[in-house]
Structure formats: C-alpha cells, structure tokens
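Below is one structure; the comments refer to it alone.
The values are calculated or read from the model by the stated rules, or taken from the named source; none is laboratory data. Just so you know, these numbers come straight off a predicted model, no measurement behind them. Methodologically, a virtual Cβ is constructed for each residue, glycine included, from the backbone with ideal geometry; neighbour enumeration extends over all protein chains shown. Only protein heavy atoms, including side chains, enter the accessible area calculation; ligands, DNA and RNA are left aside. Shrake-Rupley method; radii C 1.70, N 1.55, O 1.52, S 1.80 Å.
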Amino acid sequence: MNIQQIAKLANVSPSTVSKVMNGNDKDISEATRARVLRVISENNYVPYSRFLKKEGLQQRVIGILLEKGFPYHCQITYTVNETASKQEYSVAAYTFSDDDSRLSAFEEIMRLNPSGVIVYSSQDIDENMNASNVVYITDTKDFATPKKNTFYFSKSDSGCMAAEYLLSAGHRQISYISDSVGKAMLQGIEEYLRNSSGASLSSCFISDSEEEISKFGLLQCVNDQVSAVICGSPALACRAAAYAVSIGMRIPEDISIISIGDSEILDNLFGGITCVSFPVKEMSAAAANFILSQNQPKSHSQTQHIFHSRVTERHSIAPPLLKRTGGKIIAVGSMNMDVTLEVNSIPIEGETQIAESIITLPGGKGANQAIGVGKLGGQVSMIGRLGTDPDGRALYKNLTDNGVNVDGVEFDPISSSGKAFIYIDSEGENTIVVYRGANSGLNHRQLERYNFLFAGAKYCLLSLEISTEAVTSTIELCRKHGVKVLLKPSAVEKIDETLLKYVDYFIPNERELQKIIPGELSIEEKAELLLEKGVNTVIVTLGKHGCYLKNRCFSEYFPAAPFTAVDTTGGADSFISALAVCMSEGADLIYSVMFAAYAAGITVTRYGVQEALPSRKTMDIYKNDIQRQYQKYKEKNK
Ligand code: RIB
C-alpha cells in the first residue's frame with residue numbers, strides 16, 4: 001500500500017493524504033480528514049511512527065521485555081512473533097537485568113508506541129509499567145490469587161509434578177540436583193513428598209558453581225543409593241545422565257532421570273530424557289493473542305490466565321529395581337517361547353485331544369531360572385541366544401523387565417527363537433517338546449566373549465537344551481573363575497559323565513535321574529552313585545512329594561510346600577533359582593532348600609512360568625513358615 005493507493009481509496013489527491021499525515025491540514029475539511037484517517041487505519045498503512053503517535057494510533061508492534069538469565073527467551077520471542085505475524089504485527093524484543101534497566105528498556109519500547117508489551121520477569125507487576133496493554137508472564141507460588149493481565153505458571157507446581165511422576169512409578173529413594181533457579185521447584189518437590197507417606201528426598205544439591213556440581217553434586221545425587229534423580233534444568237539432566245552412564249549405570253534400568261524444563265537436546269540424548277515442561281509456548285501465544293484481541297473492537301479477553309506444566313514422557317523413567325542382594329549369579333541355558341495347551345490328559349500314541357485353552361508365554365529353563373533370581377532380588381546375568389523374531393524380542397524384554405542383566409544375550413541372525421510345546425493335564429502335570437532354534441547356536445566363542453561375567457560370580461545355573469559345547473565351555477569357565485555349578489539335566493539329552501565331578505549341585509527330577517542312572521535302584525542309591533561320580537550335592541526334585549537331598553553330610557527328604565499345583569511347568573526352575581539366591585545371601589543349605597521348596601510351591605499354583613515365579617515380596621509372606629520349619633529341623637537334628 002502506498003500513498004497513491006490511499007489517496008485513490010479516500011477519493012482525494014496524494015497531496016491531501018500527505019497533508020493529513022504531516023499535520024499540515026488546516027485547509028482540509030474535518031470530513032475529508034476523518035475519511036483519510038479511516039482508510040489509513042483500515043489498510044494498516046504505517047508510514048511514520050511520529051504520525052501514528054500524533055493521531056493516537058499504535059504501531060502494529062508487540063514489545064517483549066525479557067529478564068536476562070532466565071531461560072526460554074528464544075521460545076517466547078519465537079512464539080510471540082509467530083502469533084503476531086499472522087495478523088501482520090511485528091515484534092520488538094529487549095532484555096534487562098535489574099530494576100533500572102527494566103524501566104529504561106520499557107520506556108524505550110513505549111517510544112515505539114506498540115500495541116502492547118509482554119514482560120517476562122521474576123517480578124510481580126511493576127507500578128511504573130502498569131497499563132492495560134502491558135501483560136506479564138511470571139512464576140507464582142500461589143495459583144489461588146492470580147492478578148489481572150498476568151499469565152502465570154508455577155515452578156513449584158512443576159517440582160510437585162516431577163515428584164508425583166516418580167512416586168507413581170514406585171520410586172522412594174529420590175535425589176534433587178539444581179542451580180539456584182531450582183529452589184522454587186524444590187519447594188514443590190518437598191511439599192509433595194511431605195504429603196505422601198514414606199517418601200522424602202534422599203539427597204539434595206543446589207549450587208551455581210559448575211565445579212561444585214562436578215565434584216560433589218553428581219556424586220551425591222547420582223548413585224545406587226537412589227533410584228531416581230530430579231534435575232532442575234535440561235542442562236543438569238544431561239550432565240546427570242552422562243555421569244550415570246560413565247559410572248556404569250543404565251538409564252532407566254539402574255536409575256531414572258527426570259528434568260524440570262524441556263529442551264530439544266533431551267529428545268535426542270541418552271535415548272530421550274523425560275521432563276516436566278513449562279507451558280512457555282502456550283503462555284507466550286496466549287499473551288500475544290491477549291494483546292492482539294485488545295486491539296479488536298469487541299474483545300472479551302479473560303483477565304486471569306493460569307497455565308500448568310505437563311510431563312513429556314521419553315522413557316528415562318522405569319520402576320525401581322529391587323535392592324539386589326547376595327552374590328553374583330549367572331544363568332546359562334535355553335530361552336523358549338512356551339506354547340501351553342491345557343488338556344484333560346496328556347495324549348498317548350495315536351490319540352487326538354481337544355485342548356481346553358492355548359496360551360503363549362516366555363519360558364525356557366535358562367531364562368526361567370534367570371528371571372527367578374531377578375524376581376527374588378538377586379544379581380543375575382543371562383547368557384544365551386535368541387532369534388531376531390518377535391518371540392526373541394518378547395523374551396528379551398521379559399528378562400530386562402525382571403532385572404536380569406542381558407549383556408550375554410545375543411540375537412542370532414539366522415535361527416528363530418527356541419519354542420516349547422507344553423501339554424498340561426488336569427492334575428497340572430506336563431509333557432514338553434522343545435524346538436531349540438537359536439539356543440543351539442550358543443557356543444564356546446559366545447561364552448568366551450562373556451568371560452568377564454564369570455569373574456566374581458558365586459553360582460552358575462546351568463541347564464540343557466543348548467549345545468554340548470556350550471555346557472562344556474560353561475563348566476570350564478566356572479572352574480577357571482571358582483564359580484559353583486548348579487546343573488539341571490534333561491530327560492532327553494545325554495550329559496558327558498566326566499563333567500559330573502565339576503558339578504556342585506546336581507538337580508534332576510525323577511525322570512532325569514532315571515535317564516542318567518537307569519535301572520531299578522532307589523532314589524537314595526542313585527544319588528549315592530552320582531556322588532561317587534564326583535557330584536558334590538544331589539537334590540532330586542519330587543514334585544508334590546518335595547525333594548531328596550544327598551551329600552557327604554546329609555541324606556534327607558524335605559516336604560513340598562503346602563500348595564495345590566495347577567501347572568507344574570517351571571517348578572524346578574523356580575526351585576533352582578531360589579536355592580541359589582538364598583545360598584548366595586549366606587543362608588545354609590538346609591534353609592535354602594526349604595526356601596526353594598516354597599518358591600517352587602508358589603510357582604506351580606499359577607499358569608505359565610516366568611509370570612508365576614514369586615517375587616521377594618511374595619516370599620516374605622512365608623518367611624515365618626519357612627523359619628519355623630527350619631527351627632523344627634534344627635531341633636530334631638541337634
Ligand atoms: O522348565 C520348564 C521349561 O522347560 C519351559 O519353560 C520350556 O521352555 C522348557 O525349556
């Protein structure tokens with residue numbers, strides 16, 4: 001739009017328009033003058049601010065005053081500009097650092113005669129800067145008494161939200177690290193924790209010194225005494241995450257991290273960091289729209305504007321791990337997807353049966369035993385092989401979800417994951433057919449790659465359905481590192497008898513015992529023969545009849561726990577993992593066998609294996625019963 005076009009629309013000459021604009025309009029009638037001004041205004045013709053001022057017209061400009069040292073300047077300016085430019089307004093942004101510079105920056109902006117000014121400041125309304133077209137974006141501690149023309153968010157509300165998010169994920173050991181801006185968030189965190197029973201901040205570090213944060217803050221707030229850390233800014237969240245990784249912690253398995261405040265970097269680093277984001281964008285757009293609407297003939301703008309933060313989930317938060325107890329345990333064995341068919345009776349040769357139900361769940365002796373340890377709170381690493389198929393991914397996830405270290409699990413690019421087809425009869429007894437798939441690919445080379453997992457380990461839970469080479473290599477590695485071997489044999493696979501002398505605990509069921517020592521001998525006699533072959537301790541699992549233990553000190557039967565079985569699959573896996581956890585915590589063999597019998601008893605009362613394995617919490621319910629049984633045994637054998 002130029003002066004000629006304005007003149008044409010107002011039906012006057014360009015010189016008349018020029019005269020009106022320059023105030024040289026004595027010889028122009030009031031009606032013509034008003035018509036020219038109306039056309040100028042309607043067409044947003046803004047040639048000179050001097051002229052606009054003289055006529056009481058405002059520039060189509062929104063001023064922004066930003067307090068230095070506050071984050072989000074770019075986001076505010078960008079959003080206001082985006083909103084304003086849609087209505088052909090532009091933006092002028094100024095920064096200030098203290099009260100004086102704030103006022104002078106304000107006066108400078110006002111000289112532009114803007115349509116409105118947005119002040120982003122920690123201060124409340126400044127009386128010197130109080131006009132109907134001045135709005136504030138600010139933090140409040142109290143949403144209950146909002147002020148006019150002010151767009152509120154609350155840092156303390158954000159802190160509260162972060163604490164709430166962690167607590168609802170199950171965290172109770174939480175730390176907070178921040179710079180001094182984060183003191184406001186700390187109030188919200190503390191308030192929320194105070195009102196939630198059983199939770200308080202385990203540690204808190206606030207400093208503006210980079211050096212102090214590096215030297216003390218990270219050490220104090222990121223360690224295995226806490227399961228989650230709240231960081232007062234995205235920059236600190238990145239530092240905390242980098243520090244956690246540098247000391248061998250995994251996010252979120254070992255430690256959960258949440259940032260108060262968002263930034264693009266949180267989307268990309270460490271697989272993403274969950275944050276509570278301030279409503280900066282929403283507030284800036286609303287403040288800009290408020291000013292724009294003030295300039296509309298009939299504006300019905302609200303006067304109170306409250307904005308809440310929100311959580312952006314990026315998977316850096318997981319439920320806390322159990323406090324791991326006992327010595328290190330390794331599980332080497334199969335990982336299968338179990339397809340379980342519930343039938344009236346196990347089909348015999350030539351028979352066809354109708355299944356009552358079919359259910360597919362993660363299983364495999366190796367994985368079951370590893371998860372058994374994980375659920376009981378033991379420290380366990382799995383070594384095994386999966387296919388790159390959906391079964392493989394589900395099996396892998398179930399391991400990690402249950403606290404199993406999966407460093408030694410590899411994906412086979414060729415073979416599919418192992419599968420087991422299981423029939424369960426009405427008594428809960430089972431028959432299993434295993435397709436080994438990727439499990440057969442576990443070999444000497446893979447085991448050697450995870451040699452380091454054996455160092456410092458106490459027990460190795462070794463089962464079959466893997467290659468003979470893998471069994472032999474595992475036993476060799478255990479010998480090299482002084483790790484005790486618990487071996488679960490199989491009724492279909494042969495075991496090299498020369499290896500038995502390296503087996504500390506040999507744990508067959510009756511059928512497996514029969515396979516290795518065929519003939520009519522009693523369980524006791526067969527166990528004795530195994531001791532002669534070099535096994536240190538034999539434990540024969542006998543289902544609902546409990547188990548038989550034999551070594552150079554004991555020859556004892558122990559009853560099963562008093563539960564009714566619905567699915568016996570995995571009962572022995574549960575027994576073995578519980579036995580190892582209990583012994584690794586320092587309990588004696590007899591107590592550990594009793595503990596293991598309860599774990600197995602609980603497992604068989606539920607369908608499936610990994611789902612059915614008891615957690616430590618469940619085992620705690622029976623702690624007194626196990627203790628009583630143990631005391632009785634001790635009394636009897638004084
Ligand atoms: O011990 C039970 C397990 O044996 C099942 O989960 C099945 O996969 C087989 O390995």
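Miscellaneous remarks
- Number of the exception - residue 534 against (1) out of contact with any Phe, Trp or Tyr (no Cβ under 6 Å at 6 or more places or on another chain); (2) in a strand (DSSP E or B); (3) not basic (Lys, Arg): (2)
- Test: residue in the range 402-419 that is within 14 Å of the ligand (Cβ to nearest atom), open to solvent by less than 40 Å² (accessible area, probe 1.4 Å) and modelled with pLDDT of 95 or more: yes
- Within the range 545-573, restricting attention to residues that are within 16 Å of the ligand (Cβ to nearest atom) and under 19 Å from residue 485 (Cβ atoms), the residue that is surrounded by the most Cβ atoms within 10 Å (Cβ to Cβ) is 573.
- Condition check for residue 217: touching a residue at least 24 places away in the same chain (Cβ under 8 Å) and open to solvent by less than 10 Å² (accessible area, probe 1.4 Å): yes
- Failed item, numbered, when residue 334 is tested on (1) open to solvent by less than 10 Å² (accessible area, probe 1.4 Å); (2) under 30 Å from residue 169 (Cα atoms): (2)
- Filtered residues of the range 455-470 (kept if over 18 Å from residue 581 (Cβ atoms), away from the ligand (no atom under 16 Å from the Cβ) and in contact with a helix residue (DSSP H, G or I) (Cβ under 6 Å, 6 or more places away or on another chain)): 455, 469
- Only one of the numbered conditions (1) in contact with a Leu (Cβ under 6 Å, 6 or more places away or on another chain); (2) in a helix (DSSP H, G or I); (3) open to solvent by 10 Å² or more (accessible area, probe 1.4 Å) is not met by residue 469, and that is (1).
- Selection count where residues are open to solvent by 10 Å² or more (accessible area, probe 1.4 Å) and in contact with a Gly (Cβ under 6 Å, 6 or more places away or on another chain), scope the range 279-291: 0
- Counting only strands (runs of 3 or more DSSP E) that sit completely within the range 226-279, those holding 1 or more residues that are hydroxyl-bearing (Ser, Thr, Tyr) correspond to 256-260, 274-277.
- Whichever residue in the range 507-523 is open to solvent by 80 Å² or more (accessible area, probe 1.4 Å) and assigned to a helix (DSSP H, G or I) and, among such residues, is nearest to residue 556 (Cα to Cα): 510
- Under the condition of being part of a strand (DSSP E or B), in contact with a strand residue (DSSP E or B) (Cβ under 6 Å, 6 or more places away or on another chain) and within 15 Å of the ligand (Cβ to nearest atom), the residues counted in the range 359-386 number 8.
- Taken over the range 484-498, the criterion of being farther than 23 Å from residue 554 by Cβ and open to solvent by less than 30 Å² (accessible area, probe 1.4 Å) is satisfied by 490, 495.
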